[in-house]
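Visitor: Structure incoming, see below.
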Amino acid sequence: MIEDILRQAVEKEASDIFLVVGQPVSFKIEGVITKQREEGLRAEQMEEVVNQLYLMANRNKDNCRNGDDDFSVSLPQVGRFRVNIFMQRGSWSAILRVVTFDLPDVEKMEIPASVLQLSQKKKGLILVTGPAGSGKSTTLAYIIDQINQQRNCHILTLEDPIEFLHKHKKSIVSQREIGIDSKDYHRALKAALREAPDVILIGEMRDLETIEIAMTAAETGHLVLSSLHTIGASNTIDRVIDVFPPQQQQQIRLQLAMVLQSVVSQQLLLGKDGKMHPAFEIMHANKAIQTLIRDGKVHQINSQIATAGDLGMVSMDKSLLELYRKNSIDSLTVLASCVNKDMMERELKK
């Protein structure tokens, strides 16, 4: 049963699969959840689906004893799927993210060239941020792929779970899955520093210890890429600093100002054509921004981004306006997603 569902999802180019008792099997296609059949899933059917998923992953069902579990499964010649199993109202449920084996043509993904050029950085910290489902993992995968094509180095990825499988090209790519290949991010990241990496991808910086080790790795000459569930460069920098105790925060500001290379913040928006279009805020840590971070004036970063277009920086509002002027998204979407609504209303009237 589950294999047929996975094949159908890939054939229909779905991004997510929803398996919930009482509801029909549903796919999210171009941002819209659509039911694939009339009858809802019964509790016994759902339990069988969960058993099949654990069997495919060669994983013990006891991992879900706390009520939820994350892992990935692969179906040969079809694709890879990020799985979240959870209990709701006493019944099993599962949400699967569809990840195909090969990255789609980069031009179709509408990722700016300036974001892909971050692959040319040799050291420091690059953060890709945005809400869940905004395409952070995809953007990071393309940057890693660019490095893999262009450089002879060791790329080490630490992911929970692995979403994109990278083939060895010019680089050696080692991919470790948290929970299978290592107990947690802390342990994997500490070990990473002894595994001769040039580039380290951390799926998500979730806590103080992970952030601390990541910043140390960036400080000691590695290129570190990671993601955060934040919107905007200034919010991202505040989040990193606020994780630390007050007495450490000034030291972290100094360290972050030194290692931070860029912050890419993104949103996925439903377009007028029914397809999803990404909007990007791009911040590069020039001397002015480094000074603002050190001095605790992070709130002024947005104005720096807005006036530094010649340095490759782009504000979220400018990115949204470009999508609007290309007729990709409508004005309501722009206003719902922008940072400065008053300014945006004036721009839309021009």
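The values are calculated or read from the model by the stated rules, or taken from the named source; none is laboratory data. Small disclaimer: the values here were computed from a predicted structure and weren't measured. When we count neighbours, we look across all protein chains shown, and the Cβ atoms used for this are built from the backbone with ideal geometry, even at glycine.
Visitor: Determine whether the range 54-72 contains at least one residue that is charged (D, E, K, R), farther than 24 Å from G133 by Cα and touching a strand residue (DSSP E or B) at 6+ places or on another chain (Cβ under 8 Å).
Guide: Among the residues of the range 54-72, at least one is charged (D, E, K, R), farther than 24 Å from G133 by Cα and touching a strand residue (DSSP E or B) at 6+ places or on another chain (Cβ under 8 Å), which makes the answer yes.
Visitor: Let me ask another. So, of the residues in the range 60-87 that are in a strand (DSSP E or B) and polar (S, T, N, Q), which turns out to be surrounded by the fewest Cβ atoms within 10 Å (Cβ to Cβ)?
Guide: So the residue we want is N84.
Visitor: Could you tell me whether V224 is surrounded by 20 or more Cβ atoms within 10 Å (Cβ to Cβ), of a type in the set (A, V, I, L, M) and touching a Gly at 6+ places or on another chain (Cβ under 8 Å)? Can you show your working first?
Guide: Details: surrounded by 20 or more Cβ atoms within 10 Å (Cβ to Cβ): yes; of a type in the set (A, V, I, L, M): yes; touching a Gly at 6+ places or on another chain (Cβ under 8 Å): yes.
Considered against the rule, which asks whether it is surrounded by 20 or more Cβ atoms within 10 Å (Cβ to Cβ), of a type in the set (A, V, I, L, M) and touching a Gly at 6+ places or on another chain (Cβ under 8 Å), V224 comes out as yes.
Visitor: Tell me whether the range 173-180 contains one or more residues that are in contact with a Cys (Cβ under 9 Å, 6 or more places away or on another chain) and not aliphatic (A, V, I, L, M).
Guide: Scanning the range 173-180 turns up no residue that is in contact with a Cys (Cβ under 9 Å, 6 or more places away or on another chain) and not aliphatic (A, V, I, L, M).
Visitor: Which of the residues spanning the range 195-221 are assigned to a helix (DSSP H, G or I) and either crowded, with 18+ Cβ neighbours inside 10 Å or among the acidic types (D, E) (or both)?
Guide: E209, T210, I211, E212, I213, A214, M215, A217, A218, E219
Visitor: So if I check each of N286, N340, which one is under 17 Å from I237 (Cα atoms) and assigned by TED's automatic domain parsing to the domain that holds V115?
Guide: Values: N340 fails: under 17 Å from I237 (Cα atoms).
That would be N286, the only listed residue that is under 17 Å from I237 (Cα atoms) and assigned by TED's automatic domain parsing to the domain that holds V115.
Visitor: Sort out which residues of the range 257-299 are assigned to a helix (DSSP H, G or I), free of Cβ contacts under 8 Å to residues at least 60 places away in the same chain and either surrounded by fewer than 20 Cβ atoms within 10 Å (Cβ to Cβ) or charged (D, E, K, R) (or both), and write them in order of number.
Guide: Matches in the range 257-299: A257, M258, K287, A288, Q290, T291, R294.
Visitor: Of the residues in the range 165-194, how many are closer than 30 Å to L75 by Cα and part of a loop (DSSP other than H, G, I, E, B)?
Guide: Number of matching residues: 12.
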